[in-house]
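Structure, as structure tokens:
The values are calculated or read from the model by the stated rules, or taken from the named source; none is laboratory data. Please read all numbers here as calculations on a predicted model, not as lab measurements. Every residue, glycine as well, gets a Cβ built from its backbone with ideal geometry; the counts of neighbours run over all protein chains shown.
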Amino acid sequence: MKTVPLFLAILLLSPGTHAQNRVQPELFDVPDIRSSWDDLTQGLSSKDDWLKRRVVLKQRYLDLLRDQHKPEKPALDLIVHEDVVVENLYRRQLISYAVESKERAHAYLGIPLQLTGKAPAIVALHGTYQYGKKQAAGLIDNPDKAYLDHLCRRGFVVIAPEHFVSGHRIPAEGPYETGAFYKKHPEWTAVGKFTYEHSIAIDVLQSLEQVDGERIGALGHSLGGHGTFFLAAYDERIKAAACNCAAAFFRHNPTVEAWSRDRWYVYFKPIREGLMKGEMPPIDFHEIISLIAPRAFLDVSALNDGHGPTQKQRLLMLMKIMEVYELNDAPQNFGFYVHGRGHSVAHESRQLIYGWMDTHLKPAEATQTRLVVPAPELPISSEAK
């Protein structure tokens, strides 16, 4: 058996050896990244091109929601049920307001006490939790999700509405059961219902003398995460949005049927027949999120939150959405952060989301940095000399 000289063995095993044998130009070429999400901007070369396509996509989105079947909006008839002051920092109220004839939504409303003028406001959407608005207020469960408490301490007015099948309106069949809803509204969708109600929560904020109605944002986790971009795409009064760990889209999703399942929480009942035949809806999430442009949108997600290949597709989708923001001359209003903490709202995610709201809803001086002003030089005493 022949032996290989030590120096030759090192060369053979060196990771750089193979790279040195490559054709050099390949190392410097930057190939285009192609994906199925390219249909978002295919054929577009200008902002005007996008605005024409946006009209078509907005109508497809409203059709997906079955928005034409929503009920007539009633007067708010706002009622305050509880009123407490939290640590002398903000006032927290349990309120209710009309969303349909003979149907009221409940929410927690937080108003900072030391406001010096009209404040920015946030619609904070909870995830799939039975007592979601209590969670968002920091009264129960995971304090990482106490958005109302966190944001009121940062100077925001916050409304945390309950999802329509939770809290005060849990159906007889149990939390998040949508059967009774579809009996009452067979042509509408659950997503249309909660998006419409969250839009009414904006009405509540704009009715308050403490709120600057032109500086309203939305954020949420999980169910509240996709609820956030559904709302921002639906209602242009949302000027900044941030979603955390939202669900996957229609394409490249092995569990796509869950968007129109035949039990429990049914998001889009009318599309089930098509999905069972392998037919995708005429609009997907990259197109829905793009309706938010040029307003600010941040997506926070985890590569290890669910099906790995699908989550990687999310990154390709987000890169394509950036092209829409570039067409709108607003790339600074779009961003995404990807981590490995699973389905969570960890510290760094919260800080990024809250900082996003500070940047896009507060005056520029609120986030402005400053140089250190040097102290004046003191005269040297005679003793020191």
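Checking Asp149 against (1) crowded, with 19+ Cβ neighbours inside 10 Å; (2) over 19 Å from Ala241 (Cα atoms); (3) of a type in the set (D, E, K, R): exactly one of these is not met. Which one? Every condition holds for Asp149 apart from (2).
Do we have Phe229 as aromatic (Phe, Trp, Tyr) and either outside any helix (DSSP H, G or I) or under 24 Å from Trp37 (Cβ atoms) (or both) here?
Details: aromatic (Phe, Trp, Tyr): yes; either outside any helix (DSSP H, G or I) or under 24 Å from Trp37 (Cβ atoms) (or both): yes.
Considered against the rule, which asks whether it is aromatic (Phe, Trp, Tyr) and either outside any helix (DSSP H, G or I) or under 24 Å from Trp37 (Cβ atoms) (or both), Phe229 comes out as yes.
Taking the conditions (1) loosely packed, with under 13 Cβ neighbours inside 10 Å; (2) in a loop (DSSP other than H, G, I, E, B) in turn, Ser344 satisfies each one other than (1).
Checking the stated criteria, Val191 turns out not to satisfy the condition of being of a type in the set (A, V, I, L, M), crowded, with 22+ Cβ neighbours inside 10 Å and either within 14 Å of Leu125 (Cβ to Cβ) or within 18 Å of the chain's Cα centre (by Cα) (or both).
Within the bounds of the stretch 115-129, is there any residue that is within 24 Å of the chain's Cα centre (by Cα), assigned to a loop (DSSP other than H, G, I, E, B) and of a type in the set (Val, Ile, Thr)? Checked the stretch 115-129: at least one residue is within 24 Å of the chain's Cα centre (by Cα), assigned to a loop (DSSP other than H, G, I, E, B) and of a type in the set (Val, Ile, Thr).
When Pro294 is tested against (1) touching a helix residue (DSSP H, G or I) at 6+ places or on another chain (Cβ under 9 Å); (2) free of Cβ contacts under 8 Å to residues at least 60 places away in the same chain; (3) not in a loop (DSSP other than H, G, I, E, B), exactly one condition is not met: (3).
Say we look at the stretch 79-110 and pick out the residues that are in contact with a Ser or Thr (Cβ under 8 Å, 6 or more places away or on another chain) and closer than 16 Å to His198 by Cβ; which of these is surrounded by the most Cβ atoms within 10 Å (Cβ to Cβ)? In this case the residue turns out to be Ala107. Inspect the stretch 221-233 for any residue being over 13 Å from the mean Cα position of the chain (by Cα) and closer than 26 Å to Lys145 by Cα and give the result as yes or no. Scanning the stretch 221-233 turns up no residue that is over 13 Å from the mean Cα position of the chain (by Cα) and closer than 26 Å to Lys145 by Cα. Being more than 15 Å from the chain's Cα centre (by Cα), at pLDDT 95 or above, surrounded by 16 or more Cβ atoms within 10 Å (Cβ to Cβ) and closer than 14 Å to Leu40 by Cα is a description that does not apply to Lys269. Residues that are of a type in the set (Phe, Trp, Tyr) and either under 30 Å from Ala121 (Cα atoms) or surrounded by 19 or more Cβ atoms within 10 Å (Cβ to Cβ) (or both) within the stretch 233-266 comprise Tyr234, Phe249, Trp259, Tyr265, listed in sequence order. Among the residues examined, Ala172 does not qualify as crowded, with 22+ Cβ neighbours inside 10 Å and at negative phi.
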